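The block underneath contains the structure these notes are about, expressed in structure tokens.
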Amino acid sequence: MQLPSKQIDKTSNHGLEPLVSIIILNFNGLDYLKRTIDSVFKIDYSNYEVIIVDNGSTDESIHYIEKYDNIKLIKNKKNLGFSQGKNIGIDHARGEFILSIDNDISLTDDQLLNKLLNIYSNEYAFIQVPLLDSNSKVTNDYGIYFSLYGLHWHKKTVSIDKILNYPEDTIEIAGPTGAFMFFNKHVWDKIGGFDQSQLFHLDDIDIGPRAYLFGYKNMLYTKSFVYNLGSERSRESKIYLDYYKYQFSGHARSIIKNYNKFNLIFRFPIFVTFQILKTIKYAIKYREIRIAIAFFASISVFVRKLNNSFKQRAMLQSKRVVKDDLYLKLKPEIFN
């Protein structure tokens with residue numbers, strides 16, 4: 001499938017503009033993928049490549065992607081999970097910069113790459129933009145933050161107009177949302193990429209804090225946004241339960257790896273208590289015993305990986321250049 005002539009050769013000006021590799025991870029997402037690809041090829045930038053990593057799809061995704069001769073397709077034989085799938089795509093990237101998005105992200109700004117490159121600083125690890133549900137005008141997906149009980153689950157929902165009209169172009173955040181991440185490949189290689197020890201829930205909640213250990217910051221860019229077309233799908237009961245099997249284990253491993261000794265000793269028991277109470281609450285609320293079963297499965301995953309988690313901790317803590325856990329001090333922005 002050929003695109004308009006001005007979009008076929010994105011590497012013709014190599015050397016004038018940095019090459020950006022756009023990485024898309026796909027698993028049975030054909031309906032969303034069509035809109036995602038369409039939005040990507042509307043970008044007004046002269047030097048980018050598109051790489052799609054398919055995680056063993058059984059729908060018609062691969063057949064559809066193969067129609068494009070300007071997309072590099074990597075076909076995994078099975079679903080390797082979010083972290084490993086994204087790592088594979090980034091390993092194959094030739095770009096100096098990477099834009100990593102999910103297969104259900106629709107870009108809304110054809111100048112997005114130019115804007116992100118213009119505001120990028122060597123102090124930054126990852127940049128994200130706000131994510132909106134399709135056809136929505138409000139969002140609470142404008143960065144990851146942490147609280148005493150771990151991940152901050154209850155950020156205020158705000159109008160996208162308030163974010164777009166914020167006086168500053170960037171806001172410091174504790175971590176980026178895994179569905180949209182812009183970064184320099186050199187930084188990615190330095191801090192080590194996504195942790196592949198489990199299928200889900202060990203990507204953004206781990207790599208965001210890790211960036212601070214290496215002396216970088218994570219930022220929200222306030223002058224653009226993207227649509228998250230498949231947000232409703234993630235709330236479906238089966239998908240939610242599949243993810244919940246890894247929620248506790250992923251978050252707990254991230255805490256062990258990244259927190260300094262004081263915060264680990266002080267905050268980890270609070271996190272565990274919160275997770276237990278949360279599981280009980282939702283199991284009762286939805287009258288769903290499988291939520292409790294998924295939680296115990298996640299504990300099992302955590303225990304099996306515990307020795308390796310402490311080995312990873314020793315390695316990362318020996319490399320940290322910032323003594324304080326600065327990301328724990330960041331609070332969600334109040335958009336007035």
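Side notes on the structure shown:
- Phi angles across the range 123-136 convert, under the Karplus curve 6.51 cos²θ - 1.76 cosθ + 1.60 with θ = phi - 60°, into 3J(HN,Hα) values of 7, 8, 9, 10, 10, 10, 10, x, 10, 10, 4, 4, 6, 9 Hz, Gly and Pro given as x.
- Prolate/oblate/rounded call for the range 242-294, Cα gyration tensor, a/c under 1.5 rounded: oblate
- Note on the chain: GNM, Cα springs under 10 Å; of Ser57, Ser318, Ser147, the largest mean-square fluctuation is that of Ser318.
- The range 235-329: C-alpha gyration tensor shape, a/c 1.5 cut-off, then a/b vs b/c: prolate
- Of the beta bridges in the chain, as assigned by DSSP with both residues counted there, near 45 percent are antiparallel.
- Nearest-ten-degree value, helix 82-91 long axis tilted from longest Cα axis of the chain: 40 degrees
- Over the chain, dividing the summed -39,500 (n - 2.57) contributions of all DSSP H runs of at least 4 residues by the number of residues returns a 222 nm mean residue ellipticity of -12500 deg cm²/dmol.
- Cα shape, the range 5-230, gyration tensor, a/c 1.5 rule: rounded
- Put in line by how crowded their Cβ is, counting other Cβ atoms within 10 Å and starting with the fewest, His201, His251 read His251, His201.
- Helix 261-285 axis, angle to the chain major axis (alpha carbon atoms, nearest 10°): 90 degrees
- 16 Å reach of a label modelled at His186, 7 Å along Cα-to-Cβ, counting backbone N of the range 194-222: 215-217
- Helix 237-258 and the longest principal axis of the Cα set of the chain meet at an angle near 70°.
- Length available on full extension from Ile270 to Glu168: 0.36 nm per residue minus the Cα-Cα distance, which gives 33.3 nm.
- Cα-projected label distance for Ile280 with Lys137, points at 7 Å along beta-carbon direction, nm: 4.2 nm
Where a number appears in this text, it was derived from the coordinates with a stated rule and is not lab data. Keep in mind it's a predicted model, so treat the numbers as computed, not measured. Here the Cβ is made from the backbone with ideal geometry for all residues, glycine too, and neighbour counts use every protein chain on show.
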